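Below is one structure, written out as structure tokens; comments come after it.
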Amino acid sequence: RLHRVFLNGRRAEELVCCGSTLKGQDKVWEAWERLGYKVQKTDRARAGDREDFVDDNLLSQMQWTIGHPRPGRTIVLVTGDGNDNDGRASFYSVVTRALQSGWRVELYTWRVACSGRYRELALTYADTGLFRLFYLDNFRDKVCFTAPDRGGGGRRVPAAAAPTSSPSPARRHAMKGG
């Protein structure tokens, strides 16, 4: 369901999904592969371990894509992370580089997780159409499912946090069209 929200009827030229996994979580990655994604993952020994590989790998992929521009392409990124990344490339620095290079960028994030830096970019680029900020909260019914809780009721759970998935796999698409 997340995939359909991000594509929004467009044809993707490049699909990359990065994340980390615990033993026994292969099904979620197989699902992304069936959708045509190049899956890049690393193993984690236990839940809560840092995911440095995920960010650095995704940032490397984005920088490579930005360095090979094609008119009319859009980078779609799912993150709210606007941190500086300890002096290394960050999602924010790569997004601003893409914008300065003439790329269109769409950023999908939960409202509560969105860095103020991306809200500022949305205002700065509001008249250009180059940067668009989408809150996943507006797509909640499309990207979440109801999972039973221990009390017998149900609760809304992000589809990316299904019981067999990594807590927060990052995804990026480079798409043709707008």
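If R₀ is 22 angstrom, what is the calculated FRET efficiency for the pair residue 127 and residue 96, using the beta carbon separation as r and rounding to 0.05?
0.80
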*Using heavy-atom solvent-accessible surface (probe 1.4 Å) with all chains present, what is the largest-first order of 27, 41?*
27, 41
*For residue 37, what accessible area in Å² do you get when you roll a 1.4 Å probe over the heavy atoms of the protein chains, rounding to the nearest 10?*
10
*asked:* Can you give me the distance in nm between label points at residue 53 and residue 120, each placed 7 Å from the Cα along the Cα-to-Cβ direction?
replied: 3.4
_Can you give me the solvent accessible area of residue 136 with a 1.4 Å probe, rounded to the nearest 10 Å²?_
10
*Which one of 12, 62, 103 is farthest out on the positive end of the charge dipole of segment 1-127, using unit charges on Cβ (Lys, Arg +1; Asp, Glu -1) and the Cα centre as origin?*
12
*Contact order relative to length of segment 1-137, as percent, for alpha carbon pairs under 8 angstrom and 6 or more apart*: 18
*For 11, 111, write out the residues from largest to smallest accessible area, computed with a 1.4 angstrom probe and no ligands counted.*
11, 111
*asked:* Rolling a 1.4 Å sphere over the protein heavy atoms, what is the accessible area per residue of segment 5-144, to the nearest Å²?
replied: 54
*Once the whole set of protein chains is in place, how much accessible area is left on residue 86, using a 1.4 Å probe, in Å² to the nearest 10?*
130
*Just check segment 79-130 against the gyration tensor rule for me: Cα atoms, a ≥ b ≥ c as the square roots of the eigenvalues, rounded for a/c under 1.5, and otherwise prolate or oblate depending on whether a/b exceeds b/c.*
oblate
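Over the alpha-carbon set of segment 51-137, divide Rg by the Kirkwood Rh and report the Rg/Rh ratio to two decimals.
Taking Rg over the Kirkwood Rh, I get 0.94.
The values are calculated or read from the model by the stated rules, or taken from the named source; none is laboratory data. Keep in mind it's a predicted model, so treat the numbers as computed, not measured. Cβ sites come from the backbone with ideal geometry, for glycine too, and all protein chains shown count toward neighbours. Each accessible area value is taken on the protein alone, full model and side chains, heavy atoms only, with ligands, DNA and RNA left out. Shrake-Rupley method; radii C 1.70, N 1.55, O 1.52, S 1.80 Å.
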